[in-house]
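What follows is a set of notes on a single structure, which appears directly below.
Each reported figure results from applying straightforward, stated rules to the coordinates on display, with no laboratory input. Here the structure is a predicted model, which is why all the values come from computation and not from measurement. Cβ placement follows ideal geometry from the backbone for every residue including glycine, while neighbour counts extend to all protein chains displayed.
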Amino acid sequence: MKYSYGRIGIMCLALLIVGTVAVASAQTQYPNLAPKELVIKRGFTKEALSCIECHGKKMPGILEGWRASRMAHAGISCYDCHVVEKTSPMASQCEGLKGTKIFISPMVSSKTCSRCHPQEVEQFLKSGHAELASGAVTSPERAGLSKLQFYYEGGGFMTQKKFTWTWGTPKEATNIERAARASGCQPCHGTKVELGPDNKPINETWPGGVGTIYPDGSIGTCSVCHERHTFSKTDARKPEACGACHLGPDHPNIEIYMESKHGQKFQVSGDEWAWDSPPEAWEPGDYLAPTCAVCHMSGIGDLATTHNVQERLKWDLMHKKSVVRSGNRGDGVKGEQLMLKVCANCHGPSHVKSQRDMLDNSVGLYNKYWDGAVKMKAELKEKGLLGKDPWQDGFQELMYYLWHHVGRRARQGAAMNAPDYAHWHGFFQVFQVYQDMENIYNKRLKTGKVEEYSPVISSAPY
Ligand code: HEC
Ligand code: HEC
Ligand code: HEC
Ligand code: HEC
Ligand code: HEC
Ligand code: HEC
Ligand code: HEC
Ligand code: HEC
């Protein structure tokens with residue numbers, strides 16, 4: 001128990017309100033959930049109550065979510081998060097507010113939360129979950145990805161449309177051509193919200209993923225982990241909070257976790273763990289094995305909670321070649337030390353060292369494959385033996401799978417202790433893909449020709 005006095009103050013305030021208005025509830029998930037018939041009237045202004053009362057009839061689902069939240073019991077309501085200045089680029093009025101001086105927005109960014117949670121937001125903004133996440137979908141340096149999103153997947157090639165590839169979203173792109181990006185990349189990464197004449201979001205740019213860029217320039221959607229409108233820290237401590245985005249063939253983190261010993265323990269005994277301990281006081285004993293949050297975010301031992309998920313990382317395990325993190329990707333030297341401290345709460349030094357060496361060596365092995373691939377590609381390029389379209393050129397297709405799918409699985413499986421991902425979905429396939437690349441390379445050098453058709457079946461088990 002080592003939370004700060006400010007926090008104790010907030011806790012006491014909340015307990016006081018809950019203590020006076022709520023009857024003890026049998027709910028364990030949301031211990032402060034108010035009984036259904038309770039009318040919450042304390043602590044709200046007339047304006048705030050009007051939103052609650054009308055929306056209780058019009059959108060009861062939202063109201064019930066909010067009622068289950070701790071913030072509801074601390075007197076924070078629709079009004080605090082959705083009301084904006086008239087001059088805000090996001091300002092509009094709902095049916096119930098026409099004719100009043102109150103303006104609202106359905107869009108709520110991390111900036112709103114920062115009024116009361118400045119520290120969480122400041123840490124979050126330094127992490128890959130903020131600018132880098134939406135940048136992966138929108139940034140100028142990634143025009144190649146724009147082409148993937150709008151031309152190939154977006155079906156531009158179906159209409160033989162010629163886009164101008166400068167950066168971001170091509171102006172000529174129709175909403176059908178945006179569909180692949182809107183339904184896929186954006187709900188995970190976020191994008192820049194575009195507004196129509198009534199200040200409402202258009203072109204399916206909202207609601208978006210973790211790094212959403214809002215019309216007032218603010219960045220980040222906190223509700224990706226603290227789903228609305230319960231905004232619970234308890235939910236965010238569970239691996240499912242991360243699994244919504246961290247899954248699938250190219251970053252199977254939830255699958256890796258469930259396969260690890262830690263995930264095994266979570267699956268057999270997680271129901272009995274104490275999920276609701278106060279911040280900075282959620283420690284081993286409340287849980288018996290770490291969740292994603294324990295290793296990457298929560299306070300444990302003498303480490304403080306952080307909303308910067310880069311803080312405890314050494315390697316960059318997502319890009320083509322793994323390097324020690326630096327610059328806007330974090331500080332890998334420090335990161336390694338912090339992560340080792342996490343493990344030391346539950347494991348002895350011999351165990352921890354062996355795991356760390358195993359990760360470093362797995363990264364070293366993967367990098368050797370990658371360097372080999374780069375060398376082959378350079379030679380093919382020099383001899384004019386690379387196809388023009390990388391998605392129809394067998395060698396380049398395989399090279400993509402090498403780092404983006406199988407190579408990530410090998411590295412991340414090794415990092416998070418999942419032998420099946422490290423091996424069968426990982427290094428075994430790294431080796432297979434690499435050999436296929438070598439065969440194509442050798443054949444091209446021998447014949448001096450690029451194959452007429454790609455020999456790679458792209459939906460194959462990569
Ligand atoms: C603690 C802040 C907070 C409070 C309190 C809050 N909201 Fe929200 N609300 C959000 C956030 C965050 C989002 C997601 C916005 C985004 O993705 O840009 C949201 C989204 C919404 C949306 C749009 C999404 C949808 O499903 O249509 C509506 C409508 C909404 N809230 C209504 C309400 C109402 C009504 C109340 C009061 C009962 C309320 N909110 C209370 C933060 C809050
Ligand atoms: C008398 C009823 C009533 C009152 C009072 C009212 N609303 Fe609404 N609100 C609605 C209805 C109906 C809608 C859906 C139709 C619309 O958007 O106009 C709505 C929509 C919304 C939306 C979603 C807009 C969108 O584009 O999806 C938000 C956010 C919202 N209201 C917030 C508030 C807040 C905050 C208050 C209090 C300051 C408030 N409302 C007061 C009835 C009301
Ligand atoms: C006007 C101030 C205010 C705003 C704005 C606000 N919060 Fe809170 N929030 C609080 C207070 C006060 C508490 C403490 C309630 C308690 O512990 O009982 C709290 C608690 C929380 C918690 C911890 C809940 C738990 O289960 O212990 C989360 C998570 C949270 N807020 C997220 C958000 C997010 C996300 C936003 C923005 C969408 C936001 N808050 C906006 C005041 C605010
Ligand atoms: C809404 C989707 C989403 C959710 C939910 C989510 N993440 Fe992420 N996460 C991302 C994206 C997108 C990136 C890649 C960011 C980038 O472009 O560098 C990422 C990157 C990361 C990274 C790499 C850090 C970095 O800064 O390079 C870590 C670690 C991580 N997430 C951990 C978590 C954990 C732990 C949770 C749950 C508590 C979680 N994430 C929940 C989408 C999400
Ligand atoms: C299911 C959610 C999800 C979808 C869909 C998704 N991503 Fe990601 N993406 C992630 C996560 C999570 C990471 C972090 C992976 C890691 O740390 O290994 C990531 C990483 C990345 C990265 C590397 C990080 C960086 O900043 O350089 C890029 C680039 C990227 N994604 C672009 C895209 C594009 C473009 C699309 C759509 C064509 C897309 N992603 C679709 C979740 C998703
Ligand atoms: C990647 C998932 C994730 C995202 C995104 C996220 N949080 Fe959290 N948040 C957590 C986890 C996990 C905890 C619980 C930490 C612990 O174990 O105490 C938490 C705890 C909190 C708490 C309670 C901690 C306290 O000291 O009272 C607040 C408040 C909070 N988050 C606010 C925010 C705000 C504001 C944002 C948006 C900038 C945000 N969170 C975004 C995962 C997330
Ligand atoms: C036992 C602690 C532990 C648990 C539990 C854990 N991780 Fe990790 N995670 C690590 C370590 C260690 C690394 C590699 C750190 C390094 O680079 O030194 C890592 C790396 C990552 C990365 C790779 C970042 C990159 O560079 O691409 C992501 C993303 C990630 N974890 C997300 C998650 C998610 C999501 C979960 C839960 C489903 C999870 N982790 C559970 C310890 C853990
Ligand atoms: C909250 C306590 C806790 C933390 C923190 C923790 N572990 Fe574990 N770990 C466990 C438990 C419990 C087991 C299951 C032991 C068993 O097999 O019964 C386990 C098992 C393992 C295993 C499987 C091999 C074995 O011992 O059976 C590895 C590998 C491992 N942990 C690595 C790590 C690494 C690396 C970290 C830090 C990044 C870490 N752990 C952090 C509790 C923890």
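Key figures for this structure:
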item: Antiparallel %, DSSP beta bridges [both residues in the chain], to 5; result: 80
item: 14 Å beta-carbon shell around residue 126, net charge (K/R +1, D/E -1); result: -1
item: Degrees separating the helix 349-382 axis from the principal Cα axis of the chain, which is the longest one; result: 50
item: Length-normalised contact order for the chain - Cα pairs under 8 Å, 6+ apart - percent; result: 11
item: With at most 11 other Cβ atoms within 10 Å, longest stretch of the chain clear of loop GluC sites (Glu not before Pro) (DSSP); result: 86-451
item: Percentage relative contact order, segment 403-462, counting C-alpha pairs under 8 Å, at least six apart; result: 28
item: Cross-link reach list, lysines versus residue 261, counting only Cα pairs under 23 Å and skipping chain neighbours closer than eight places; result: 238, 314, 341, 353
item: Cα gyration tensor shape for the chain, rounded if a/c is under 1.5, else prolate or oblate; result: oblate
item: Cα centroid separation - segment 88-147 against segment 52-77, whole Å; result: 22
item: Sorted by Cβ density within 10 Å, fewest first, the residues 174, 191; result: 174, 191
item: Proxy reagent accessibility, fewest Cβ within 10 Å first, across 83, 193, 374, 406; result: 374, 83, 193, 406
item: Around residue 150: net Lys/Arg minus Asp/Glu count, Cβ-Cβ under 14 Å; result: +3
item: Cα-based helix-to-principal-axis angle, 5-21 vs the chain, degrees rounded to 10; result: 60
item: Sorted by Cβ neighbour density within 10 Å, fewest at the top, the residues 416, 258; result: 258, 416
item: Neighbourhood charge, 11 Å Cβ-Cβ cut-off, centred on residue 356 and excluding it, Lys, Arg +1 and Asp, Glu -1; result: -1
item: Mean Cα-pair separation over length for segment 121-224, i.e. relative contact order, pairs under 8 Å, 6 or more apart, %; result: 29
